[in-house]
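Engineer: I am attaching a structure below and will ask some questions about it afterwards.
The values are calculated or read from the model by the stated rules, or taken from the named source; none is laboratory data. Quantities reported herein were computed from a predicted structural model and do not represent experimental measurements. Neighbour counts run over all protein chains shown; Cβ positions are idealised from the backbone, glycine included. Each accessible area value is taken on the protein alone, full model and side chains, heavy atoms only, with ligands, DNA and RNA left out. Shrake-Rupley method; radii C 1.70, N 1.55, O 1.52, S 1.80 Å.
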Amino acid sequence: MKPDLIIFDMDDTLLTSENRVSQATKDYLLKVQQLGYKLTLASGRPTEGMLAVAKELELDRYGSYIMSYNGGQTIDVANQAVIAKQSVTKADFDRIVDFCRQHDMMVLTYYEGQIVCEGSHKYMNVESQLTGMPMIQVEDIKAFVKTDVPKAMAVDDEDKIAHMFATEAMQFTDELAVTISKPFFLEFMSKGVSKGAAIRRLAEQRHLSVENMIAFGDSANDLDMIETVGTGVAMGNALEIVKEKADFVTKSHDEDGIPFILERLLEIEA
């Protein structure tokens, strides 16, 4: 049976270590779309940081979707219309900022097409480099950002982020969704936001079956997506917990792991 959607995380899944779609993967994904398969991107990235890849893969031409901010926003790529959206309130954002200040972590968010940050860290420019979005540093991010935001993110060393996720960040889980994307990014979204939840909502809106979907991922924020769909695929470079929950494990993002397994699942040669 033809899957209703084939869904891809971006960083370290669809994209190589060089932050690009390999030619072999691109050619294969264009081919399957020509045969009538629909692709969707699901990432922690902001919408603006996903559009270039979506258009490179011609998702706008073939009519598909982008799920950005870990599922906080879903758009129709063809017209960029927002299908679903959940934001972090200004009050909750201010609490997150206070938390990051208390624990000496850099904090950033997305505001008026820019990445806005307070503080500094050796990883502070990673999000801008990944997404291609401009970044500005401000002295008081609470005063600068005056509205609800799509998500907020703490940036620090991997060990500290893991510790904060397992301990201190739990104080937010009654009001917010908290996850790790990159190992140095601790992400805060509106309660109930996740890639899996976005997939379920889209399926309901568009009369699709989650059981008849395939999803690819590598990180902690991909876990519920992998478990939500009928066929979850972990990349060869994925976290061990993602591999354990997946139905299949393919080659790494630097070894064209996506076409490698899709050739077998779809029975379509590259």
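Engineer: Which residues, counting only those in the range 48-69, are modelled with pLDDT of 95 or more, in contact with an Asp or Glu (Cβ under 9 Å, 6 or more places away or on another chain) and open to solvent by less than 10 Å² (accessible area, probe 1.4 Å)?
Structural biologist: The answer is Ala54, Ile66, Ser68.
Engineer: Considering Asp104, Asp98, which residue is open to solvent by 30 Å² or more (accessible area, probe 1.4 Å), outside the structural domain of Ala197 (by the TED database), within 26 Å of Phe165 (Cα to Cα) and not in a helix (DSSP H, G or I)?
Structural biologist: Going through Asp104, Asp98 in turn, the sole match is Asp104.
Engineer: Looking at (1) in a loop (DSSP other than H, G, I, E, B); (2) of a type outside the set (Val, Ile, Thr); (3) modelled with pLDDT of 95 or more, find the lone condition where Asp27 falls short.
Structural biologist: Answer for Asp27: the failing condition is (1).
Engineer: Show the residue pairs that are 6+ apart or on different chains and have beta-carbon atoms under 6 Å apart, the first residue being within the range 229-249 and outside the structural domain of Pro183 (by the TED database) and free of Cβ contacts under 8 Å to residues at least 12 places away in the same chain, the second being open to solvent by 30 Å² or more (accessible area, probe 1.4 Å) and outside any loop (DSSP other than H, G, I, E, B).
Structural biologist: Lys243/Val249
Engineer: If Ile258 meets every condition in (1) touching a Ser or Thr at 6+ places or on another chain (Cβ under 9 Å); (2) free of Cβ contacts under 8 Å to residues at least 24 places away in the same chain; (3) more than 29 Å from Thr109 (Cα to Cα) apart from one, which number is that one?
Structural biologist: Checking Ile258 against (1) touching a Ser or Thr at 6+ places or on another chain (Cβ under 9 Å); (2) free of Cβ contacts under 8 Å to residues at least 24 places away in the same chain; (3) more than 29 Å from Thr109 (Cα to Cα), the one that fails is (2).
Engineer: Report, by residue number, each residue of the range 242-270 that is open to solvent by 70 Å² or more (accessible area, probe 1.4 Å) and either closer than 22 Å to Ile180 by Cβ or in a loop (DSSP other than H, G, I, E, B) (or both).
Structural biologist: Correct list: Glu244, Lys245, Asp247, Val249, Lys251, Asp254, Glu255, Glu267, Glu269, Ala270.
Engineer: Moving on to the next point. For the range 18-42, name all the residues that are open to solvent by 10 Å² or more (accessible area, probe 1.4 Å), in contact with a Ser or Thr (Cβ under 9 Å, 6 or more places away or on another chain) and among the polar types (S, T, N, Q).
Structural biologist: Of everything in the range 18-42, just one residue is open to solvent by 10 Å² or more (accessible area, probe 1.4 Å), in contact with a Ser or Thr (Cβ under 9 Å, 6 or more places away or on another chain) and among the polar types (S, T, N, Q), namely Ser22.
Engineer: Turning to a different aspect of this structure: Hey, does the range 136-148 have a residue that's of a type in the set (Val, Ile, Thr) and under 23 Å from Arg20 (Cβ atoms)?
Structural biologist: Within the range 136-148 (the criterion being of a type in the set (Val, Ile, Thr) and under 23 Å from Arg20 (Cβ atoms)), the answer is no, since none of the residues qualifies.
Engineer: Which of (1) open to solvent by less than 20 Å² (accessible area, probe 1.4 Å); (2) assigned to a helix (DSSP H, G or I) is the odd one out, the single condition Arg45 does not satisfy?
Structural biologist: Of the numbered conditions (1) open to solvent by less than 20 Å² (accessible area, probe 1.4 Å); (2) assigned to a helix (DSSP H, G or I), the odd one out for Arg45 is (2).
Residue-by-condition table, conditions (1) open to solvent by 40 Å² or more (accessible area, probe 1.4 Å); (2) in contact (Cβ under 8 Å) with a residue 60 or more places away in the chain; (3) within 19 Å of Ile180 (Cβ to Cβ); (4) part of a helix (DSSP H, G or I):
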site	(1), (2), (3), (4)
Asp94	no, no, no, yes
Leu108	no, no, yes, no
Ser120	yes, no, no, no
Tyr123	yes, yes, yes, no
Met133	no, yes, no, no
Ile136	yes, no, no, no
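Engineer: Checking the condition part of a loop (DSSP other than H, G, I, E, B), open to solvent by 10 Å² or more (accessible area, probe 1.4 Å), of a type in the set (Lys, Arg) and in contact (Cβ under 8 Å) with a residue 12 or more places away in the chain, which residue from Lys146, Lys160, Lys142 passes?
Structural biologist: Only one candidate qualifies: Lys146.
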